[in-house]
Amino acid sequence: MVTPDGDPGPASRGTDPDGLGVVLRVPRALAADLGGRREVVLPVPDRRRLDGLLDALVPVHPALARRLRDETGSLRRFVNVYVDGLDVRRSDGLATPVGAGQTVEVIQSVAGG
Amino acid sequence: METAVLAIGTRKGLWLATSDDRTAWRLSQPHFLMHEIPSVAVDTRGGRTRVLVGLRSEHWGPTVVHSDDLGATWSEPEQGAITFGADDGAALERVWQIQPDGEDRPGVVWAGCEPISVWRSADHGEHFDLVRGLWDHPHRGEWGAGYGGAAAHTVLPSPVDDTVHVAMSTGGVYRSNDAGTTWRPRNSGISAYFMPGPAPEFGQCVHKVARDAQDPRRLYAQNHHGVYRSDDAGDTWTSIADGLPSDFGFVMLAHPRRGGTLWVVPLVADGERVPPQGRLAVHRSDDGGRTWTEQADGLPTGHFNAVLRDAACVDTGDPAGVYLGTRAGDVYASADEGAAFVRVADRLPDVLSLRAALVPG
């Protein structure tokens with residue numbers, strides 16, 4: 001499924017058909033920090049947790065990493081992250097398990113005046 | 001032939017205005033729309049014009065970007081220009097001030113930030129190092145936050161030696177005599193009416209400080225109620241509020257070359273942060289604050305919006321240009337040291353920061 005704005009639907013695994021990695025999907029506002037893409041497949045992190053996945057972003061996509069977490073490692077207040085559709089703030093936060101075949105989706109929350 | 005460049009930082013983006021005569025202005029399309037721009041700088045040292053922008057996304061956090069082609073392209077260091085280290089236990093919230101140093105320190109740029117911290121770059125503002133002497137200061141745990149946040153909003157390196165002054169809300173004025181290694185509070189004589197008892201050694205809510213153009217030991221301060229001058233590099237302060245309609249406001253500007261000339265933009269009071277009688281005006285002194293003259297030609301009446309601390313600036317023209325922007329999104333420019341103003345822009349988002357420079361046309 002591809003939505004009119006080019007956003008692959010939530011069930012799509014088009015960039016990772018074998019399901020061996022973790023699909024990270026970002027909003028349009030962050031595509032420039034991902035080389036113009038909206039999606040990247042990352043290796044399953046060693047700790048198999050969200051923070052491990054985000055740590056792995058730092059050397060390869062440092063600007064994107066800074067947009068998502070501040071220097072203390074916390075998710076920025078108005079950054080929402082979903083693992084297979086589950087809001088990590090309603091789960092284990094940065095310790096939320098992340099494994100092969102899962103999709104991590106970043107969505108900006110409602111904010112701004 | 002020189003062109004005046006005016007960088008206008010607002011709550012929802014940056015505009016660049018240009019003018020050949022500082023009277024007729026051309027306004028760019030917005031840059032960084034929906035990003036807050038609390039700080040801008042136009043660094044013309046070394047024959048290059050670099051616009052530095054401290055921007056902040058509500059979603060994606062703060063960062064510093066720069067342009068060497070007046071906004072045609074922008075660069076952002078991938079690792080971020082200003083970032084706390086893992087051991088600092090802090091995260092950058094907002095860049096309140098970007099201050100290029102003098103001509104004899106061409107690569108040095110200072111930044112004042114929230115949380116209260118000062119940073120120094122030696123590479124033209126691309127990477128900044130935390131000034132540890134202030135960050136590790138024993139007073140830091142007692143510094144507070146004004147309404148806008150706890151920030152070092154003013155950084156003033158001296159043009160003649162290693163003195164640096166910093167002003168913070170709330171914390172007051174601090175001075176380093178050794179380029180930032182050690183710091184001492186310098187608030188003697190500045191009130192802190194919002195605290196009980198006599199004025200403390202530190203904790204004042206100093207809104208803005210400017211350095212005199214000819215005497216680097218002379219400073220002017222707009223306080224949270226109180227307008228002051230120091231003739232001894234901040235060791236002592238005396239009131240220069242007599243003759244002003246109010247001692248409250250945010251702006252303090254010093255003339256770029258002439259000693260003793262300064263401007264403030266009075267607001268009624270802490271509890272009434274609007275121009276007196278709704279008449280927007282600057283007040284200028286040419287004698288170090290002993291006497292004041294209102295300048296309002298071209299400025300609006302029926303205007304009930306504040307001018308924030310960095311939403312005003314001067315340029316280096318002769319005569320000097322004076323600029324101010326309001327929370328209503330109006331921007332005014334004077335090409336004659338405040339004698340008359342023209343409107344550069346109106347109905348922009350709230351103006352947070354203004355900086356002007358004259359560049360080769």
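Worth a mention:
- Unmet criterion (only one of (1) in contact with a Ser or Thr (Cβ under 7 Å, 6 or more places away or on another chain); (2) surrounded by fewer than 24 Cβ atoms within 10 Å (Cβ to Cβ); (3) more than 14 Å from chain A (Cβ to nearest Cβ)) for B:Pro106: (1)
- In the stretch B:121-224, counting only strands (runs of 3 or more DSSP E) that sit wholly within it, the ones holding 3 or more residues that are crowded, with 17+ Cβ neighbours inside 10 Å span B:151-157, B:164-169, B:172-176, B:206-211, B:219-223.
- Matching residues in the stretch B:19-36 - criterion: being of a type outside the set (A, V, I, L, M, F, W, C), closer than 12 Å to B:Ala333 by Cβ and either crowded, with 18+ Cβ neighbours inside 10 Å or under 17 Å from the mean Cα position of the chain (by Cα) (or both): B:Ser19, B:Arg22
- Selected residue [more than 22 Å from B:Val64 (Cβ to Cβ) and among the basic types (Lys, Arg)] from A:Arg76, A:Arg66, A:Arg89: A:Arg89
- Strands (runs of 3 or more DSSP E) fully within the stretch B:272-348 counting 2 or more residues that are among the hydrophobic types (A, V, I, L, M, F, W, C) and either under 23 Å from B:Ser28 (Cβ atoms) or under 21 Å from the mean Cα position of the chain (by Cα) (or both): B:312-314, B:322-325, B:331-334, B:342-345
- Qualifying residue in the stretch A:87-103 (condition: at pLDDT 95 or above, within 14 Å of chain B (Cβ to nearest Cβ) and buried (at least 18 other Cβ atoms within 10 Å of the Cβ)): no
Let's see how each residue does on (1) in contact with a helix residue (DSSP H, G or I) (Cβ under 7 Å, 6 or more places away or on another chain); (2) among the polar types (S, T, N, Q); (3) under 17 Å from B:Tyr323 (Cβ atoms); (4) within 11 Å of chain A (Cβ to nearest Cβ):
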| position | (1), (2), (3), (4) |
| --- | --- |
| B:Trp15 | no, no, yes, no |
| B:Phe32 | no, no, no, no |
| B:Pro38 | no, no, yes, no |
| B:Arg45 | no, no, no, no |
| B:Arg48 | no, no, no, no |
| B:Phe84 | no, no, no, yes |
| B:Asp87 | no, no, no, yes |
| B:Ala90 | no, no, no, yes |
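- B:Pro100 being touching a residue at least 40 places away in the same chain (Cβ under 8 Å), more than 22 Å from B:Thr170 (Cα to Cα) and touching an Asp or Glu at 6+ places or on another chain (Cβ under 6 Å): yes
- Considering the stretch B:55-70, the residues that are touching a residue at least 60 places away in the same chain (Cβ under 8 Å) and more than 14 Å from chain A (Cβ to nearest Cβ) include one that is surrounded by the fewest Cβ atoms within 10 Å (Cβ to Cβ), namely B:Leu70.
- The set of residues in the stretch A:42-56 that are closer than 9 Å to A:Val22 by Cα and surrounded by fewer than 16 Cβ atoms within 10 Å (Cβ to Cβ) contains only A:Pro43.
- Per-region count, the stretch B:247-266, residues in contact with a strand residue (DSSP E or B) (Cβ under 6 Å, 6 or more places away or on another chain) and over 20 Å from B:Asp297 (Cβ atoms): 6
- Taking the criterion of being in contact with a strand residue (DSSP E or B) (Cβ under 9 Å, 6 or more places away or on another chain), free of Cβ contacts under 8 Å to residues at least 12 places away in the same chain and within 17 Å of B:Val131 (Cα to Cα), the only residue of the stretch B:141-188 that qualifies is B:Arg184.
- With respect to being crowded, with 19+ Cβ neighbours inside 10 Å, more than 9 Å from chain B (Cβ to nearest Cβ), touching an Asp or Glu at 6+ places or on another chain (Cβ under 9 Å) and in contact (Cβ under 8 Å) with a residue 40 or more places away in the chain, A:Val81 falls outside the description.
- Single condition B:Gly80 does not satisfy, out of (1) more than 12 Å from chain A (Cβ to nearest Cβ); (2) in contact with a helix residue (DSSP H, G or I) (Cβ under 8 Å, 6 or more places away or on another chain): (1)
The values are calculated or read from the model by the stated rules, or taken from the named source; none is laboratory data. Note that this is a predicted model, so its numbers are computed, not measured. Note: ideal-geometry Cβ built from the backbone for every residue, glycine included; neighbour counts use all protein chains shown.
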